[in-house]
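Have a look at the structure below, then the notes.
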Amino acid sequence: MHLTLGIILAIIGSLMLTSVTGVDPNNFKTCEQSSFCRRSRKIQSSGSKYAIIPGTLNTYADSLTADLINKENHHQFTFKLEALVGSTFRLQIDEKQPLHPRYRVEHALKEEPKTARISVQKETDGEITISTDDHKNKAVIHGDPFRIDFYENDVLVVTANAKNWLYFEHLRQKPADAADGHADGEAGAGNAAADDDQQQAEAPKSPGEAIDDPGAWEENFKSHHDSKPNGPEAVALDFSFPEAEVLFGIPEHADNFVLRSTSGTDPYRLYNLDVFEYIVESKMALYGSVPVLYGHGPRRTAGVYWQNVAETWVDIYTAETNVVSSLVNFVSGSRKSPSPAAHFISESGIVDAFIVLGPKPIDVFKQYAALTGTHPLPQLFSLGYHQSRWNYNDERDVASVSSKFDEYDIPMDTMWLDIEYTDGKRYFTWDKFKFPEPLTMVKNLTELGRHLVVIIDPHVKRDTGYFFHNDCTERGYYVKTRDGNDYEGWCWPGSSSYPDFFNPVVRDYYAGQYALSKFNTVSENTMIWNDMNEPSVFNGPEVTAPKDLVHYGNWEHRDVHNLYGHMHLMGTFDGLEKRDPNQRPFILTRAHFAGSQRYAAIWTGDNTAEWSHLQHSIKMCLTEAVAGFSFCGADVGGFFGNPDSELLERWYQTATFLPFFRGHAHIDTKRREPWLFPERTRLVIRDALLKRYSYLPLWYTSFYELELKNEPVIRPLLTHYPADKECFAIDNQLLVQDRLLVRPVMQQGVSKVDVYFPAIDDKKNGDYWYDVDTYQRQERAGYESVPVTEYKIPVWQRGGSILPKKERQRRASTLMLHDPYTLIVCLDRQGKAEGTLYLDDEKSYDYRQGQYIYVNYEFAHNQLTNRFIGKPKYKSSSWIERVVIAGLSTVPQSATITVNGVSQQLEVLQQDHAVIVRKPGIKMNVDFAIKLNY
Ligand code: NOJ
């Protein structure tokens, strides 16, 4: 690929631009411009005709199979329905005799799911009912038209193919006259194979063989030509959710938590893309694709994981869509409006859908996580604050930023280096002028208790003086063009090629590059940022790789696109684990697919310094969290543009209660370290960061419980208040586990915010909620207008919960390891509370050998006690220095602590609306009881 200098400068110029204008949607396809999407969507008006072929049904111990026929073109398919442990069914449909095998996704699932036994309950002529042995889950398979109803405890929660929108394009021989040059779409000048002509690539071989679409056998977009050697091969299926009122999931989109109807708009798109200056309230694709979708109603929650890594579009049918049908129902007196539904449309692959049956929100999140995994317990430092920008210029800059944090007494754990640290964007190398002694720089940070993260992108500079490029070239490690050459695209280094991470040998080679014997200019504590791994190709179609490239196993890029970043991460994760087998890796990734959470944290990419983007940081991370990515954050301050003081302050405060917390900015933005702003801003930011650090024990415990129990760290309100309809669409508030309710200030110039306190029953009773700053109690459910100052982050702790904090101020979290704990006990209406604390060495894998302390605290009858979960083996030098109790009706005179039968009096003080039991001084691994004396 040879580009003129002019084009190159234009590309780079547009990428460097910082005046914030917003994406040009014309650079990305609409459904109408994507031939498989428009074809599959057409089925919505005609419906399809698939049926089980009588006599082909077979049942086994854990599954059922049958042949399906498309009654219009007579093509045959096999379908398999498996019951899985954990209230899940798996539905697979493939061609019975495909022309060649169709791609089946690998590496997304954590492991091969365990199947569950089934038995046939009923079999009639056109219908068979199977049920799991515990009789909790049932599927009714209808033969003609083909449809499957899924029941949880006899309640219908999901129907597959309710609307008859199953659409499966079988592989076919290319018709003789569907030759090159008859593609649809714009054709670029100088592209020999392309043609503006809207002629059709028709010519049926036999009835039903034709795909009547000009883009069936080749397609153009802008100046790009897609040769589509396999022709049409789309798969699509609809799922409806009879018990649901809202649908949510399918990140990544800069949109509300609750999915909006796509009637009259494009569907939501899942196609990993590097979208420049993305806009909010948009269904456009972004960097990650996680095709899991949930339907939620007051009684039930269920979900579908559509396991397909090709480009995918999802149409959403909700009450909004159904206004007309609702009117018809109203007029006709029918009470029931059509169920919310989703129509998944993928360009290739097979139908491979997992149906998770709930019944509660937390159940579906866990059922989905049981399939694709969770983020393993991260090192504690990675939950602290990260300081990044594109770029810290040189070693002096890094040292000076780090020391300014100390000078202003602001905690910070990690400094980040973006692409400019490298020697000409050759990853695994350093710019020797700006960074002559990286190891000394790393050592200096380590001595302060801090870490360094460096960026490593997947593109490789095509430079014969670069070892990495030479290795990849000589060994044939690059992704190939259709004619077998190394694909060349354009990215930060200029002309670049892309390692084929689908090849296990390439992954292994790549992992080896992280070894300290190779990348010897960093230490085993230096962690990694994998960016641009959609992959981003500046001169490629839609800024990514052409679909007709060829990967390991001879799969087209079209088949595997959304998994490329995931395969990159697998290599990196393996590399870091091999580099230091007893240290937990920290990786940040931009591209992601279902399952990538097992390897990396994510952030929401190149956002903008605008209030609307701040608001979307919560919406987007909530959606990611329920799709497995709890470790999520957004560039604090906004990547593009320059935040004013107020926006920056509010952004830090909001990020204090999101799991991944990093300040980052574009190279052309003004420097924005906290001390460069007026004193008040610096102090507000410091205050937010101190709060963050005080809650680190809660974040850490939450991440342990994510690994242990598959329960998201941050959660939408509906998770714990599933019957309160007011909660369903709330996405400017979040819960940290079920312990904190967070409603950050995300509007300009406000002196109060409206907060919704969820109801626990029909009578609008709510939990007690205690303001974490004053312990003032909120007793009523419903909206409250809460006054805020510039320092205020509106956060409440739930009555009935206990949470751990550390309240000593340090420069970095690593220096807090031995610090004492404070327990915050907030009482419910019965005067009770409970909550857990998890602790270990915060860094190694020793916890997997039992080196941890996991404890449950309980407060009842005026007494606080503990109970260890598992043996408290880890030797901690921390202790409990304070217990704060909120919600007592009278102040006790003193307290008595009893350890091993020995009792001692403790002092009790009143502060604000709480009581403080001073200095219990208990080690973390002993049993105790603290009794309040009246
Ligand atoms: C794109 C990333 O999204 C951004 O965070 C980074 O600064 C630039 N690439 C440069 O590496």
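The alpha-carbon of K871 sits under 16 angstrom from the alpha-carbons of these lysines, leaving out residues fewer than 8 places away in its chain: K923. The label-point distance for K443 and D409, in a model that sets each label 7 Å from Cα toward Cβ, rounds to 3.2 nm. Cross-linked pairs K404/K425; K122/K763; K619/K752: Cα-Cα separations exceed 32 Å for K122/K763. Projecting the alpha carbon convex hull of the stretch 643-700 along each direction and taking the average yields 4.0 nm². Surface calculation, 1.4 Å probe, protein heavy atoms: K110 sits at approximately 90 Å² accessible.
The simple Förster model, with R0 at 30 Å and r as the Cβ-Cβ distance, assigns I916 and V786 a FRET efficiency of 0.75. Nonpolar atom fraction for the chain, defined as the carbon and sulfur part of the 1.4 Å probe accessible area, stands at 49 percent. The alpha-carbon of K873 sits under 12 angstrom from the alpha-carbons of these aspartates and glutamates, leaving out residues fewer than 8 places away in its chain: D840, D841, D846.
Solvent exposure of the stretch 90-160 amounts to 51 Å² per residue of accessible area, where only protein heavy atoms count and the probe is 1.4 Å.
Modelled label positions at S517 and T265, each set 7 Å beyond Cα in the direction of Cβ, lie 5.5 nm from each other. Its Cα gyration tensor gives the chain an equivalent ellipsoid. The semi-axes, each the square root of 5 times an eigenvalue, are 46, 36, 25 Å from largest down. Annotation note: chymotrypsin sites (Phe, Trp or Tyr not before Pro) in the stretch 40-91 located in DSSP loop regions with a Cβ neighbour count of at most 12 within 10 Å are Y60. Put simply, the C-alpha atoms of the stretch 801-933 give a gyration tensor, and the ellipsoid matching it has half-axes of 26, 16, 14 Å, longest first.
In the chain, helices alone account for a calculated mean residue ellipticity at 222 nm of -5500 deg cm²/dmol, with every DSSP H run of four or more residues adding -39,500 (n - 2.57). A 1.4 Å probe, protein heavy atoms only, puts the accessible area of I410 near 0 Å². Among the cysteines of the chain, those with no neighbouring cysteine Cβ under 4.7 Å are C472, C491, C727, C826.
The order of Y768, Y838 by accessible area, most exposed first and with a 1.4 Å probe, is Y768, Y838. Ordering H561, H225 by accessible surface, largest first, gives H225, H561; the 1.4 Å probe counts only protein heavy atoms, with every chain in place.
The angle between the Cα long axis of helix 645-655 and the main principal axis of the chain comes to about 90°, on a 0 to 90 degree scale.
Based on the convex hull around the alpha carbon atoms, the stretch 714-796 presents an average projected area of 5.1 nm².
With 24 Å as the limit, the listed pairs K136/K709; K110/K709; K110/K518 have K110/K518 beyond it between alpha carbons. Model label points for F467 and K42, set 7 angstrom from Cα along the Cα-to-Cβ axis, are 5.5 nm apart.
The values are calculated or read from the model by the stated rules, or taken from the named source; none is laboratory data. Please read all numbers here as calculations on a predicted model, not as lab measurements. All Cβ positions, glycine included, derive from the backbone under ideal geometry; neighbour counts span all protein chains shown. Surface accessibility is based on the protein's heavy atoms, side chains included, excluding ligands, DNA and RNA. Shrake-Rupley method; radii C 1.70, N 1.55, O 1.52, S 1.80 Å.
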